[in-house]
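Peer 1: Structure in structure tokens, see below.
Each reported figure results from applying straightforward, stated rules to the coordinates on display, with no laboratory input. Remember, predicted model here, so these are calculated numbers, not experimental data. So basically every Cβ, Gly included, is an ideal-geometry build from the backbone, and we count neighbours across all protein chains shown.
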């Protein structure tokens, strides 16, 4: 018998078990999150007798006779202080890590009410965050400390907010206090738990799947194989090439391929049943690189061959002739690595049979894409499948593909019972798509004054086992390969190749992170050849309004790239160890792909309800729509409510990808809000409009790849940036300056937070993060991915330059991805200036950060 207290309540348990599991399953204290199961992420932080502990590492025997505190047990005053401090500072994005951050802050402030910023950094060392970049979390803890000392908490203002103001996030309070529900926080009576059997080898011929012993296990309700799929057995975000379950007689293509599903009464039984499934798989030699896949005699991994795209090409002018006439020509080959998204929330879904259909609660990036594919899997009309999004604990592109949703749906459909399927972190790392490794061969030329003349670029992308978003990622790498510069002649070809590595798909930056590393690197070499400074060569080639971009599009009147260069100049010239790089990133799908967002407003019970399926992964969709609506109508926050994405209630706003939602959904909201404002002027009050329903949509027609028009409009808008990184004498990053043209800010705090988070993710991409798969097998744990922690991050200064006004969404542009484009090349240049060594591969070798591992290990207590 183990006796202890949780949030002041006495608890007694007969059997010893994991504390995290007990808190979540028996006490429904879902603020305590299972982010990694390794004790390294801090999402499961609790206080035990006032000391920080990792619930995933503790058993009940370890807390016997002690007091356990979760965020739900904070005093009323503590709850008010932390909710205010984190919301007002902008310290909350996806929110999955936030309760753990709050408890780490409490442990510090309870013993030290006057902490320095350095002490706060150290107190948060055990709490990973993939969204915020930590700067605003530090601000929040400083604010909380001040509020506790002064005995006051500023009241949140219930008023109308203008765009550009620092309106607190509308979902921050629930996330801070652990009330916000993610998919794994949801449960239903009689719910079954799912588990998935994966391929034991990267490539193998499946000869036999014997599930008889697993089916006989007490507590198992169903064991499913390919024979049980009632509809389409291969699905995919764009190309239906990914098997729901691999059949006998077929080959597996990577170690994440699913072979069988188990639905059981508890997770432990489901996992035990997996071990009772008998497999006969003939291991075959895996194809582990594009070079192997394209070699003569290579095995064909898909019926149509080993290429994702036969060719993606961007061609303007005669690059060969231009290079021949250039005063200076440089050629290099750059290589970038595979990287995991490392979002804090592992994938989870809950499927429930309702009538003759299903309701699926998901944590993905597009409920309508999930709805379509689940309906195809089950062979039923889409209207029979209702997909509802819970909160999403980070995504960054990694939750665009189906992961758990379709398997949970299939098990629920067959058993006619609710089924929840949640991946372990190990399974998440093994299965979901990564960032594409690319090899980029680039030859660049300029005239005697340093003006670019041409690029010839060849990009080879390892897309892994399945297509995912491989084609569009390759397109973006090619269309942005010239960078934000005037380049008269371009010859770019991209080739995507299947291998037996984990699939690669959408990832923040979407191919542009890779090609920017190459083009910025060659620009530095041309600067050296011409005797120009690294800043000056960028200034001479930077696009301005009316210039022709490298992809042929005419730069619009809102372009402020040169202004960002001016903002960055002083910081760059302040140190001989500074690096600089520019970047651009599109908003919207572009290149001729239909791109529409839709919004509906409904007046009910004295409030305006915003219905849109745009998924929020932490970027602040609800805050953006609320602030635009408040700005246009003059309504206070208390009269506006953003509704969760739901295929039965919310119109299709498209997937949260391509930095598009602020532009597309923001403009649809603006149009709806303008109509509502006119109605309010006529009616005199919101109450007089009870039952009013308004609908608007916004779409943009771009020109497709290969368009014959002289200056194709590839995208509705682009964000631009110039970043400067400064190293200390030992080669550690001591300061970072991020200068951005991301258009009119809708919410200034959110904009800064996106940039800060992107910078930190970019530093990891440049210096520490990689996901090797020797032999086709993932070997990384969450704690060894190379993620940056609070003490690692330098001060980050954000400077904004943008054109005022704009016809679409007030002139806003996407910011979610652009912040991740310049960091790697800027860091590479800083090290070149420090030690004279040219680096053409990521992560960069020969730095103080090289091969450092996780930057932190298991932190069980302090």
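Peer 1: Could you order peptides 192-204, 566-578 by the average number of other Cβ atoms within 10 Å of their residues, highest first? Don't jump to the answer; show the numbers that get you there.
Peer 2: Working: 192-204: 22.5, 566-578: 17.6.
Per-residue Cβ counts within 10 Å, averaged per peptide and sorted highest first, yield 192-204, 566-578.
Peer 1: Okay, next question. Show that you can apply the helix-only estimate: for the chain, add -39,500 (n - 2.57) for every DSSP H stretch of four or more residues, divide by all residues, and state [θ] at 222 nm to the nearest 500.
Peer 2: Details: 21 runs with 235 residues, N = 862.
For the chain, the value works out to -8500 deg cm²/dmol.
Peer 1: If a paramagnetic tag sat 7 Å from the Cα of residue 289 along the Cα-Cβ line, which residues of the stretch 467-497 would have the backbone N under 11 Å from that point?
Peer 2: Counting only backbone N, you get no residues.
Peer 1: Once fully extended, how much extra length lies between residue 693 and residue 80, figured as 0.36 nm per residue of separation less the alpha-carbon to alpha-carbon distance? Don't jump to the answer; show the numbers that get you there.
Peer 2: Numbers: separation 613, 0.36 × 613 = 220.68 nm, distance 3.55 nm.
Length gained, residue 693 through residue 80: 217.1 nm.
Peer 1: Hey, another quick one. Just the C-alpha atoms of the stretch 118-214: what Rg/Rh do they give, with Rh taken as the Kirkwood radius? Kindly include the intermediate steps, with their values, before the conclusion.
Peer 2: Values: Rg = 23.5 Å, Rh = 19.5 Å.
Here Rg/Rh amounts to 1.20.
Peer 1: Percent relative contact order of the chain, based on C-alpha pairs within less than 8 angstrom and at least six residues apart?
Peer 2: 15 percent
Peer 1: Cα gyration tensor of the stretch 2-157, axes a ≥ b ≥ c as square roots of the eigenvalues: rounded (a/c below 1.5), prolate (a/b > b/c) or oblate? Provide the component values of the computation, followed by the final result.
Peer 2: Values: a/c = 1.97, a/b = 1.62, b/c = 1.22.
Verdict is prolate for the stretch 2-157.
Peer 1: Test of understanding: extend the Cα→C-beta vector of residue 845 to 7 Å, then name every residue of the stretch 318-342 with backbone N under 20 Å from that spot.
Peer 2: The answer is 331-339.
Peer 1: Hey, another quick one. For the residues 78, 708, what sequence is obtained by ranking on other C-beta atoms within 10 Å, fewest first?
Peer 2: On the way: 78 18, 708 6.
Fewest to most other Cβ atoms nearby, the residues stand as 708, 78.
Peer 1: Expressed in nm to one decimal, what extension gain is obtained for the pair residue 426 and residue 449 from 0.36 nm per residue of sequence separation less their Cα-Cα distance?
Peer 2: Details: separation 23, 0.36 × 23 = 8.28 nm, distance 5.31 nm.
That pair, residue 426 and residue 449, stretches by 3.0 nm at full extension.
Peer 1: Give me 735, 456 ranked fewest to most by other Cβ atoms within 10 Å of their Cβ, as a rough exposure proxy.
Peer 2: Working: 735 17, 456 20.
Ordered from fewest to most neighbouring Cβ atoms within 10 Å, 735, 456 come out as 735, 456.
Peer 1: Can I ask one more? At a 10 angstrom cut-off on C-beta neighbours, averaged per residue, how do the peptides 426-433, 799-806, 614-621 rank from highest to lowest?
Peer 2: 614-621, 426-433, 799-806
Peer 1: In nm, give the distance between the simple-model label positions of residue 215 and residue 298, each being 7 Å from the Cα along the Cα-to-Cβ direction.
Peer 2: That separation, rounded to one decimal, is 4.0 nm.
Peer 1: Let me ask something else about it. I'd like the FRET efficiency for residue 238 and residue 311, computed as 1/(1 + (r/R0)^6) with the beta carbon distance as r and R0 of 22 Å, rounded to 0.05. Before the final figure, lay out the partial values.
Peer 2: Numbers: r = 17 Å, r/R0 = 0.79.
Taking R0 as 22 Å, the efficiency between residue 238 and residue 311 is 0.80.
Peer 1: Based on the Kirkwood radius over alpha-carbon pairs, what value in µm²/s does the Stokes-Einstein equation return for the translational diffusion coefficient of the stretch 596-699 at 20 °C and 1.002 mPa s?
Peer 2: On the way: Rh = 13.4 Å.
Using the Kirkwood radius from Cα pairs, D works out to 160 µm²/s.
Peer 1: Once R0 is set to 45 Å, what does the formula 1/(1 + (r/R0)^6) return for the Cβ-Cβ distance between residue 117 and residue 646, expressed as a FRET efficiency to the nearest 0.05? Before the final figure, lay out the partial values.
Peer 2: Values: r = 42 Å, r/R0 = 0.93.
For R0 = 45 Å, the calculated efficiency reads 0.60.
Peer 1: Follow-up question, since we're still on this one. In what sequence do 235, 452 fall when counting other Cβ within 10 Å, fewest first? It would help to have the intermediate numbers written out before the result.
Peer 2: Working: 235 21, 452 27.
Fewest to most other Cβ atoms nearby, the residues stand as 235, 452.
Peer 1: Going by the alpha-carbon gyration tensor, a ≥ b ≥ c the square roots of its eigenvalues, is the stretch 675-767 rounded (a/c under 1.5) or, if a/c is not under 1.5, prolate (a/b greater than b/c) versus oblate? Walk me through the numbers before you get to the answer.
Peer 2: On the way: a/c = 3.96, a/b = 1.64, b/c = 2.41.
Cα axes put the stretch 675-767 in the oblate bin.
Peer 1: If you don't mind, there's one more thing I want to ask. With the cut-off at 1.5 for a/c, could you classify the chain from its C-alpha gyration tensor as rounded, prolate or oblate?
Peer 2: Rounded, because the longest to shortest axis ratio a/c is under 1.5.
Peer 1: Once label points are set 7 Å from the Cα along Cα→Cβ at both residue 49 and residue 732, what is their separation, rounded to one decimal in nm?
Peer 2: Label-label distance for residue 49 and residue 732, simple model: 3.4 nm.
Peer 1: State, as an integer percentage, the relative contact order of the stretch 596-699 based on alpha-carbon contacts under 8 Å between residues 6 or more apart. Let's see the in-between values first.
Peer 2: Values: 194 pairs, mean separation 45.9, N = 104.
With pairs under 8 Å counted, the relative contact order is 44 percent.
Peer 1: Based on alpha-carbon centroids, what's the gap between the stretch 354-416 and the stretch 54-125 in Å, whole number please?
Peer 2: Each part reduced to its Cα centre gives a spacing of 34 Å.
Peer 1: I would also like to ask the following. Along each of its three principal axes, how wide is the spread of alpha-carbon positions in the stretch 229-357, in whole angstrom units, largest first?
Peer 2: On the principal axes, the stretch 229-357 reaches 72, 36, 29 Å in Cα extent.
Peer 1: Measure out, as a whole number of angstrom, how far apart the alpha-carbon centroids of the stretch 435-473 and the stretch 269-284 sit.
Peer 2: Using only Cα atoms to place each centre, the spacing works out to 41 Å.
Peer 1: With N denoting the number of residues in the stretch 55-145, provide Rg(C-alpha) divided by 2.2 N^0.38 Å, to two decimal places. It would help to have the intermediate numbers written out before the result.
Peer 2: Values: Rg = 13.4 Å, N = 91, 2.2 N^0.38 = 12.2 Å.
For the stretch 55-145, the normalised Cα radius of gyration comes out at 1.09.
Peer 1: So, R0 is 22 Å and r is the distance between the beta-carbons of residue 797 and residue 158; what FRET efficiency does that work out to, to 0.05? Provide the component values of the computation, followed by the final result.
Peer 2: On the way: r = 32 Å, r/R0 = 1.47.
Rounded to the nearest 0.05, the efficiency is 0.10.
Peer 1: Using a 7 Å offset from the Cα along the Cα-to-Cβ direction at both residue 27 and residue 570, what is the distance between the two label points in nm, to one decimal?
Peer 2: Computed distance between label sites residue 27 and residue 570 equals 5.2 nm.
Peer 1: Take peptides 270-280, 554-564 and line them up by average Cβ neighbours within 10 Å, highest first, as a rough protection proxy. Mind dumping the intermediate values first?
Peer 2: Details: 270-280: 17.1, 554-564: 20.0.
Ranked from most to least packed, the peptides come out as 554-564, 270-280.
Peer 1: Quick check: Cα centre of the stretch 506-538 to Cα centre of the stretch 601-655, how many Å?
Peer 2: What the calculation gives is 40 Å, centre to centre.
Peer 1: For the chain, give the share of DSSP beta bridges that are antiparallel, in percent and rounded to the nearest 5; count only bridges with both residues there. Don't skip to the end; give the middle numbers.
Peer 2: Values: 103 of 133 bridges.
Antiparallel: roughly 75 percent of the beta bridges in the chain.
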